[in-house]
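The values are calculated or read from the model by the stated rules, or taken from the named source; none is laboratory data. Given the structure is predicted, the values throughout are model-derived calculations rather than measurements. Cβ placement follows ideal geometry from the backbone for every residue including glycine, while neighbour counts extend to all protein chains displayed.
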Amino acid sequence: MIKRSVLVFVLAAASAGAQTAKNENDYSDGKTWLCRPGRTDACVVDLTTTIVAADGSLTREGFKANPNAPIDCFYVYPTVSMDKGGNSDMEPGPEETGVVRVQLARFASQCKLYAPMYRQATLTALRAATTGSPIQVDRALGYNDVLDAWSHYLQHDNNGRGVVLIGHSQGSGVLTQLIRSEIDGKPVQSRIVSALLLGTTLAVPKGKDVGGAFKNIPVCRSASQTGCVIAYASFRSTIPPPENSRFGRVQGENMQAACANPAALGGGSGELHAYLSAGGRSIVGSAAEPKPWVTGKTIDTPWVSVPGLLTAQCVANEKGSYLEVTVHGDPADPRTDDITGDVMANGQPNASWGLHLIDVNLAMGNLVDIVAAQAKAFIASGRKSQ
């Protein structure tokens with residue numbers, strides 16, 4: 001069981017504070033990056049998948065990165081560090097190397113991967129805050145690190161290429177601030193293929209796709225649209241956001257949380273092409289033990305895909321604006337009827353978190369396909385160097 005206190009993905013940890021004096025990282029040093037192109041690192045992992053059909057048949061799906069991908073992906077990971085201080089150090093632990101395996105590595109089929117280390121607000125600090133014994137956290141330190149990494153990337157690596165920004169939870173909060181401060185309305189905006197800000201609450205005016213968190217960057221409504229943002233927070237259809245929900249609601253009259261459904265960007269319901277951990281692992285370790293994926297058969301790959309089992313639609317009601325995920329289990333077939341991924345508290349799903357642990361994995365296949373289509377559209381527009 002994952003303790004609730006270990007799962008405080010407080011987006012406020014990524015919020016901007018005053019610029020703080022700091023010992024700057026040297027992002028010309030490869031050790032400050034979890035992933036960079038052209039080397040064997042945390043993003044070079046086994047992504048072999050078993051496709052589990054409803055009739056119980058199994059198909060093996062391989063994976064191949066594209067070393068000549070025409071665009072880049074710049075990723076900021078969520079709150080995972082278990083370092084002892086309020087801010088993490090710059091030494092990658094199993095938490096940091098593990099999360100890129102879960103959330104980023106599969107995008108290597110479409111883009112060259114850049115994932116900087118940063119001195120994020122730790123799970124340790126957030127857990128301490130819940131026990132009434134807070135420890136000091138420098139809220140601006142992590143953001144400033146990512147800003148430095150982004151600046152280094154633009155100066156030394158980008159070369160005019162299109163780039164997709166990818167973040168989850170605290171990472172999405174950091175990227176939201178980066179976009180607002182350094183990209184939105186500035187010349188570099190022309191290089192943004194899209195931004196995937198997942199597991200977060202991004203404000204937009206009700207009935208509109210732009211004008212809230214960002215002035216010039218709209219919510220994506222088709223896979224051929226570029227320069228836009230995909231944002232959502234996922235909840236089960238059977239466990240909608242409660243009154244104390246951590247996602248799906250924003251302050252401000254006539255404002256709501258943005259929701260772009262990766263399974264149907266144009267609206268309505270669509271099938272989620274999920275890539276789920278065969279062993280039930282999530283971004284911070286093992287989630288609840290999954291039931292067998294299929295009766296009487298063993299899965300020997302790290303990943304599982306379950307076509308037809310999951311669909312999603314964006315809903316906006318008195319409970320908030322969020323991605324509603326429906327599980328279409330059938331007791332008559334041999335495949336599992338449910339998935340794991342809930343934040344658990346005292347043996348029960350903590351409704352306020354929704355499916356936060358697997359926000360990215362629920363739609364991983366959809367997101368990779370969208371990035372492929374956006375890259376094609378971006379290059380066709382002529383905004384390409386090499």
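Here are a few things to note about the model shown:
- Evaluating Ser5 against the criteria (1) at pLDDT below 95; (2) exposed (fewer than 15 other Cβ atoms within 10 Å of the Cβ); (3) out of contact with any Ser or Thr (no Cβ under 8 Å at 6 or more places or on another chain) leaves one unmet condition, (3).
- Checked across region 120-143, the condition of being among the charged types (D, E, K, R) and in contact with an Asp or Glu (Cβ under 9 Å, 6 or more places away or on another chain) holds for no residue.
- Gln374 meets all of the listed conditions (1) buried (at least 16 other Cβ atoms within 10 Å of the Cβ); (2) assigned to a loop (DSSP other than H, G, I, E, B); (3) not small (Gly, Ala, Ser) but one, namely (2).
- Each residue in region 341-386 was checked for being aromatic (Phe, Trp, Tyr) and more than 20 Å from Arg161 (Cα to Cα), and 1 of them qualify.
- Test set (1) surrounded by fewer than 16 Cβ atoms within 10 Å (Cβ to Cβ); (2) touching a residue at least 40 places away in the same chain (Cβ under 8 Å) - Ser245 fails condition number: (1)
- Sole exception among (1) closer than 30 Å to Pro134 by Cβ; (2) of a type outside the set (S, T, N, Q); (3) buried (at least 16 other Cβ atoms within 10 Å of the Cβ) for Cys35, by number: (1)
- Taken over region 361-371, residues that are under 16 Å from Cys220 (Cβ atoms) and either at pLDDT below 95 or crowded, with 23+ Cβ neighbours inside 10 Å (or both) amount to 4.
- For region 173-187, the condition holds for at least one residue, the condition being that it is closer than 24 Å to Trp353 by Cα, small (Gly, Ala, Ser) and surrounded by 17 or more Cβ atoms within 10 Å (Cβ to Cβ).
- Just one of the numbered conditions (1) closer than 30 Å to Thr326 by Cα; (2) touching a Lys or Arg at 6+ places or on another chain (Cβ under 7 Å) is not true of Pro242: (2).
- Here is the figure for region 337-357: residues that are touching a Ser or Thr at 6+ places or on another chain (Cβ under 9 Å) and either assigned to a loop (DSSP other than H, G, I, E, B) or polar (S, T, N, Q) (or both) total 6.
- One residue stands out in region 332-348 among those that are hydrophobic (A, V, I, L, M, F, W, C), out of contact with any strand residue (DSSP E or B) (no Cβ under 8 Å at 6 or more places or on another chain) and surrounded by 12 or more Cβ atoms within 10 Å (Cβ to Cβ): the one that is nearest to Thr50 (Cα to Cα), namely Met344.
- Long-range neighbours under 7 Å by Cβ, at least six apart or interchain, first residue modelled with pLDDT of 95 or more within region 286-309, second assigned to a loop (DSSP other than H, G, I, E, B) and of a type in the set (Asp, Glu): Pro302/Asp46
- Taking every residue in region 82-103 that is at negative phi and pairing it with any residue that is in a helix (DSSP H, G or I) and of a type in the set (Asp, Glu), at least 6 positions away or on another chain, the pairs with Cβ-Cβ distances below 6 Å are Met82/Glu95.
- A count restricted to region 127-152 and to residues that are part of a helix (DSSP H, G or I) and not charged (D, E, K, R) stands at 13.
- Segments classed as strands (runs of 3 or more DSSP E), wholly inside region 46-126, with at least 2 members that are surrounded by 16 or more Cβ atoms within 10 Å (Cβ to Cβ), within 16 Å of the chain's Cα centre (by Cα) and modelled with pLDDT of 95 or more: 71-76, 111-116
Yes/no per residue for (1) under 26 Å from Pro349 (Cβ atoms); (2) surrounded by fewer than 24 Cβ atoms within 10 Å (Cβ to Cβ):
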residue: Gly199; (1), (2): yes, no
residue: Ala203; (1), (2): no, yes
residue: Gly211; (1), (2): no, yes
residue: Gln225; (1), (2): no, yes
residue: Ala231; (1), (2): yes, no
residue: Ser234; (1), (2): yes, no
residue: Val250; (1), (2): yes, yes
residue: Gln256; (1), (2): yes, yes
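- Cross-chain or 6+ apart pairs with Cβ under 9 Å, region 16-38 first and closer than 21 Å to Val100 by Cβ and among the basic types (Lys, Arg), then assigned to a loop (DSSP other than H, G, I, E, B) and modelled with pLDDT of 95 or more: Lys31/Met90; Lys31/Glu91; Lys31/Pro92; Lys31/Met117; Arg36/Cys43
- Test: residue in region 312-330 that is surrounded by 20 or more Cβ atoms within 10 Å (Cβ to Cβ), part of a loop (DSSP other than H, G, I, E, B) and in contact with a Ser or Thr (Cβ under 9 Å, 6 or more places away or on another chain): no
- Residue within region 293-305 that is out of contact with any strand residue (DSSP E or B) (no Cβ under 6 Å at 6 or more places or on another chain) and not in a loop (DSSP other than H, G, I, E, B) present: no
- Ser321 satisfies every condition listed in (1) more than 20 Å from Pro78 (Cα to Cα); (2) touching a Phe, Trp or Tyr at 6+ places or on another chain (Cβ under 8 Å); (3) at pLDDT 95 or above except (2).
- Residue-level check: of (1) in contact with a Pro (Cβ under 6 Å, 6 or more places away or on another chain); (2) within 24 Å of Arg106 (Cβ to Cβ), Pro302 misses just (1).
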